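The values are calculated or read from the model by the stated rules, or taken from the named source; none is laboratory data. Everything quoted here is computed from the prediction, not taken from an experiment. Cβ placement follows ideal geometry from the backbone for every residue including glycine, while neighbour counts extend to all protein chains displayed. The area values use the complete protein model at the heavy-atom level, side chains included, leaving out ligands, DNA and RNA. Shrake-Rupley method; radii C 1.70, N 1.55, O 1.52, S 1.80 Å.
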Amino acid sequence: MEINIQNLDNERIELDDRCETDFLDQEIQRFYPEQLNLHILVDKFGRDVRVDVKLHTTAHYTCHRCLAEYTAAFDIRDEQIYQIGEGKLDDSDEVIQLPGNTTDIDIDPMLAEMVLLNHPIKMLCKEDCKGICPGCGADLNREACRCGSAEIDPRWEALRKLIK
Ligand SMILES: [Zn+2]
Ligand SMILES: [Zn+2]
């Protein structure tokens, strides 16, 4: 997605847009298959262009405990400052330098980084998901564990007698 800054004076513009997520790394993209809804503020002041992005989409996650697939609202916000032209006025790494003849700012890298930074390390369908019993494979959110039940496979029963 590109933002045209060619005719921008020292002013603020506000725009709403949506885009596909095919610019994301495949590894990440599978969690965000739906369009991104963007609310963008662009402030130009001299050589500085500040881009403020509010991003909303629906994420498709898989619970790490019970392996259920679920969707979750994904709402994030971040800003990036671009500086147009040679000679860095600001030494911080936060500022991205662009050539003086820049007419459009490609914000895909910014969006990709926003998604990546806010991507959950641990996905849980709900805070207190009980997960799957490693013994019997029961989904403990919906059923009771069968490990302690009397239904023991007869072959195991034979083995158990041998151990005794
Ligand atoms: Zn779960
Ligand atoms: Zn069990």
Taking amide H atoms as placed 1.01 Å from N in the peptide plane, list the residues 5 or more away in sequence, or in a different chain, whose amide H sits under 5 Å from that of Q97. Q83
Long-range amide H contacts for M123: which residues qualify at under 5 Å (H placed 1.01 Å from N, peptide plane, sequence gap of 5 or more or a different chain)? H64
What does the accessible area of E86 come to, in Å² to the nearest 10, when a probe of 1.4 Å is used? 150
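Rounded to the nearest 500 deg cm²/dmol, what is the calculated helix-only ellipticity per residue at 222 nm for the chain, with -39500 (n - 2.57) per DSSP H run of length n ≥ 4?
On the way: 3 runs with 25 residues, N = 164.
The helix contribution divided over the chain gives -4000 deg cm²/dmol.
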For the chain, what does the relative contact order come out to in percent, with C-alpha contacts under 8 Å and a separation of six or more? 19
Relative to the chain, whose Cα atoms define the longest principal axis, helix 154-163 and its Cα axis are tilted in degrees, nearest 10, by 70
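Under a 1.4 angstrom probe, counting protein chains only, how are R12, R47 ranked by accessible area, largest first? Mind showing how you got there, number by number?
On the way: R12 130, R47 75 Å².
Correct descending sequence by accessible area is R12, R47.
Over region 2-129, give the accessible area per residue in Å² for a 1.4 Å probe, as an integer. Intermediate values should be presented prior to the final figure.
Values: 7850 Å² over 128 residues.
Computed with neighbouring chains in place, this is 61 Å² per residue.
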The simple spin-label model distance between N4 and D48, using points 7 Å out along Cα→Cβ, in nm, is 2.6
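Quick check: at a probe of 1.4 Å, how many percent of the accessible area of the chain sits on carbon and sulfur atoms?
So the carbon and sulfur contribution to the accessible surface is 49 percent.
Taking the alpha carbon gyration tensor of the chain, what are the square roots of 5 times its eigenvalues, largest first, to the nearest whole Å? Please list the in-between numbers first.
Details: eigenvalues 575, 47, 27 Å².
Each semi-axis is √(5λ); the values are 54, 15, 12 Å.
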